[in-house]
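For reference, the structure discussed in these notes is given below.
The values are calculated or read from the model by the stated rules, or taken from the named source; none is laboratory data. The model shown is predicted, which means the values in this text are computed figures rather than measured ones. Every residue, glycine as well, gets a Cβ built from its backbone with ideal geometry; the counts of neighbours run over all protein chains shown.
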Ligand code: IVH
């Protein structure tokens with residue numbers, strides 16, 4: 001937006017310049033109206049639109065001759081879309097003037113007093129109520145029965161959405177009350193609540209359809225469906241706040257507030273935050289109250305509307321161009337804005353998730369300067385869905401991607417971090433190229449992988465990655481891992497900040513480094529530590545130089561390798577070296593992903609270890625950074641045989657192959673039992689095989705065992721050997 005404010009320097013324009021700018025602005029505003037009202041796809045923020053409109057009106061005020069028959073100031077919105085039947089409004093559906101600052105509200109009140117010839121301190125009563133961010137609709141009731149609904153359209157002619165409005169359960173099909181006029185047009189806002197909006201977008205996403213940018217667009221898109229069944233599936237709601245034609249019987253009250261109360265009696269939903277105020281100060285207080293509670297309302301509002309309460313005074317005040325003189329919309333500072341996305345930065349979270357962040361040309365949104373906004377994930381940038389909930393539009397039926405250099409709409413909702421919610425394609429620089437998401441971690445250079453069905457790409461360099469270090473070390477020393485007493489989250493963070501512990505191996509060199517005469521600050525002298533606590537910590541660390549190998553593996557924090565999978569893996573491999581070798585061998589040279597070789601088959605053949613876990617293990621050991629960290633660690637720590645293994649059983653540590661049809665148990669049960677007893681179960685026979693358990697009709701594996709001289713057992717012999725016979 002240009003730096004000059006909409007109303008300034010208008011008087012400096014020559015008549016010619018004013019005419020040219022008036023025409024240009026008129027065209028620009030008409031384009032925005034069309035995109036907003038007809039396509040539900042605005043390309044400027046409300047604040048930018050309002051500024052254009054104010055400048056347009058300021059020019060007309062200075063040069064009234066420009067206000068020709070075609071002046072936009074006499075129109076509202078856009079002409080109706082072709083697909084619906086048209087409805088001529090018997091009473092035009094006009095719009096409201098806007099107030100942005102407190103001064104504007106004071107001026108509104110003062111203007112009314114002036115117009116009515118009242119003293120400056122005379123009380124005037126107003127209603128104040130939320131300005132609902134939906135779309136206005138006129139509902140016609142004849143003899144209390146709902147007969148027609150129309151959208152606003154251009155204010156004079158709207159679209160016939162009767163069939164769709166019938167599906168809105170909050171809108172009564174009949175008004176109940178003695179005082180309902182014979183003909184009555186109720187006006188109000190159709191809107192969608194936040195929870196329903198989220199659910200609708202979830203459904204859209206699941207069905208692979210483009211998502212709605214915001215509840216207003218969702219409500220508009222839902223109301224203007226040619227098939228009412230679709231509208232019926234969208235939970236639309238309604239607040240009644242005004243009226244159009246009023247037939248025989250007349251209005252039920254002589255105040256705005258009284259009519260709204262009658263609406264409620266008749267069965268129409270009215271907004272509970274509607275109050276009476278008697279001065280600008282009271283209006284402003286209510287504005288702040290509503291603003292403070294805005295995030296918790298459950299639906300979008302974009303300001304507070306003030307209306308003169310007395311209908312007689314409303315009549316005297318009348319209208320000026322497109323809006324009543326007796327009402328004004330006091331807008332909240334814009335929560336959306338359009339700015340340029342300068343570049344996309346990738347941040348690495350504590351768990352290794354790579355999160356894209358939009359670095360923006362700073363802009364004020366709702367009174368706060370925003371220079372960063374969330375882009376959710378890789379798919380969100382591509383515009384192709386995923387649980388990051390892309391909420392952007394489509395262009396020629398293709399989802400729109402986000403590029404560095406793009407002009408984007410950003411949104412602040414409540415306290416949530418700002419989001420990039422749309423791209424203004426019309427302003428895309430010609431040189432902007434599709435963004436390519438990094439496949440290496442920007443924090444540590446390790447490769448970053450994305451699992452099947454996952455939207456998040458993660459760094460695999462967990463132990464080396466500075467972004468993840470604290471989290472990883474905290475896990476490393478936690479109770480079920482190395483269980484080092486005196487080393488909790490706080491201490492890990494402090495050691496990391498002091499540069500003392502950057503990776504797990506550093507824990508075990510801490511004491512040696514601390515007692516080195518060149519050590520600058522001894523631990524006992526640091527904040528929060530003393531002689532005894534330092535001594536205790538070193539002793540606790542010393543105690544953990546030997547740990548069961550399953551804990552060791554679990555402590556590494558490999559994705560999907562929790563305690564159970566660590567046990568499964570170590571029960572099979574027994575030593576870390578064996579696991580490491582197999583994991584390394586599971587990827588063909590030059591390949592990134594495991595292929596169906598023997599090592600891969602061995603990993604995925606382990607009971608309970610599927611492809612997802614196996615791939616995570618392979619990814620971990622393939623990453624050279626992790627290898628280095630591991631090497632440093634095994635220099636300090638000795639992994640011991642697994643805990644809780646029945647080491648005494650005869651089959652512990654033996655490699656067994658089952659072949660042929662077993663009678664007393666299924667193959668899976670046999671495998672599980674063998675592993676429980678500490679045996680390794682393999683899928684093929686080699687020289688390393690200790691026993692082949694052969695059931696009926698055993699074939700090539702039995703032959704191979706004989707050939708290699710491997711002991712062959714019957715099922716019963718195996719059970720006896722295993723102590724279960
Ligand atoms: S009164 C003649 N009250 O805001 C005045 N309008 O910018 C009729 N709106 O067209 C409007 N909440 O779509 C009124 N509580 C409220 C409103 C409200 C939302 C919308 C309505 C109107 C637009 C004006």
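Numbers for the structure displayed
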{"item": "Every residue from region 119-132 that is away from the ligand (no atom under 16 Å from the Cβ) and either over 15 Å from residue 285 (Cα atoms) or part of a strand (DSSP E or B) (or both)", "result": "119, 120, 121, 122, 123, 124"}
{"item": "Matching option when the condition is crowded, with 18+ Cβ neighbours inside 10 Å, over 30 Å from residue 178 (Cα atoms) and in contact (Cβ under 8 Å) with a residue 12 or more places away in the chain, among 224, 237", "result": "224"}
{"item": "Index of the failed condition, residue 68 passing every other in (1) touching a helix residue (DSSP H, G or I) at 6+ places or on another chain (Cβ under 6 Å); (2) away from the ligand (no atom under 16 Å from the Cβ); (3) modelled with pLDDT under 85", "result": "(1)"}
{"item": "In region 544-589, the residues that are over 36 Å from the mean Cα position of the chain (by Cα), without any contact (Cβ under 8 Å) to a residue 24 or more places away in the chain and part of a helix (DSSP H, G or I)", "result": "577, 578, 581, 582, 585"}
{"item": "Residue count for region 177-236, restricted to those that are out of contact with any strand residue (DSSP E or B) (no Cβ under 6 Å at 6 or more places or on another chain), more than 16 Å from the ligand (Cβ to nearest atom) and in a loop (DSSP other than H, G, I, E, B)", "result": "16"}
{"item": "Some residue of region 316-326 being more than 13 Å from the ligand (Cβ to nearest atom) and part of a strand (DSSP E or B)", "result": "no"}
{"item": "In region 457-467, the residues that are buried (at least 22 other Cβ atoms within 10 Å of the Cβ) and out of contact with any strand residue (DSSP E or B) (no Cβ under 7 Å at 6 or more places or on another chain)", "result": "461, 462, 463, 464"}
{"item": "Search result, residues across region 133-160 that are more than 20 Å from residue 92 (Cβ to Cβ) and within 13 Å of the ligand (Cβ to nearest atom)", "result": "133"}
{"item": "Filtered residue count, region 267-283, keeping only those that are over 33 Å from the mean Cα position of the chain (by Cα) and either over 25 Å from residue 170 (Cβ atoms) or surrounded by fewer than 15 Cβ atoms within 10 Å (Cβ to Cβ) (or both)", "result": "8"}
{"item": "Any hit, region 164-174, residues being touching a residue at least 60 places away in the same chain (Cβ under 8 Å) and within 14 Å of the ligand (Cβ to nearest atom)", "result": "no"}
{"item": "Qualifying helices (runs of 4 or more DSSP H) (wholly inside region 596-677; at least 1 residues being at pLDDT 90 or above)", "result": "598-605, 611-622, 624-636"}
{"item": "Tally, over region 93-118, of residues that are surrounded by fewer than 17 Cβ atoms within 10 Å (Cβ to Cβ), at negative phi and more than 16 Å from the ligand (Cβ to nearest atom)", "result": "12"}
{"item": "Check on residue 417, over 21 Å from residue 221 (Cβ atoms), at pLDDT below 90 and in a loop (DSSP other than H, G, I, E, B)", "result": "yes"}
{"item": "Filter result (more than 10 Å from the ligand (Cβ to nearest atom), outside any loop (DSSP other than H, G, I, E, B) and at pLDDT 90 or above) within region 293-305", "result": "293"}
{"item": "Every pair of residues 6+ apart whose Cβ atoms lie under 6 Å, when the first sits in region 310-328 and is touching a residue at least 40 places away in the same chain (Cβ under 8 Å) while the second is within 11 Å of the ligand (Cβ to nearest atom) and part of a strand (DSSP E or B)", "result": "323/97; 327/307; 328/97; 328/306"}
{"item": "Flag for residue 258 being away from the ligand (no atom under 13 Å from the Cβ) and assigned to a helix (DSSP H, G or I)", "result": "yes"}
{"item": "Residues located in region 562-587, provided they are modelled with pLDDT of 90 or more, buried (at least 21 other Cβ atoms within 10 Å of the Cβ) and more than 18 Å from residue 676 (Cα to Cα)", "result": "582, 583"}
{"item": "Residue, farthest from the ligand (Cβ to nearest atom), within region 347-359, restricted to residues that are surrounded by 19 or more Cβ atoms within 10 Å (Cβ to Cβ) and in a strand (DSSP E or B)", "result": "348"}
{"item": "Qualifying residue in region 142-155 (condition: at pLDDT below 95 and exposed (fewer than 15 other Cβ atoms within 10 Å of the Cβ))", "result": "no"}
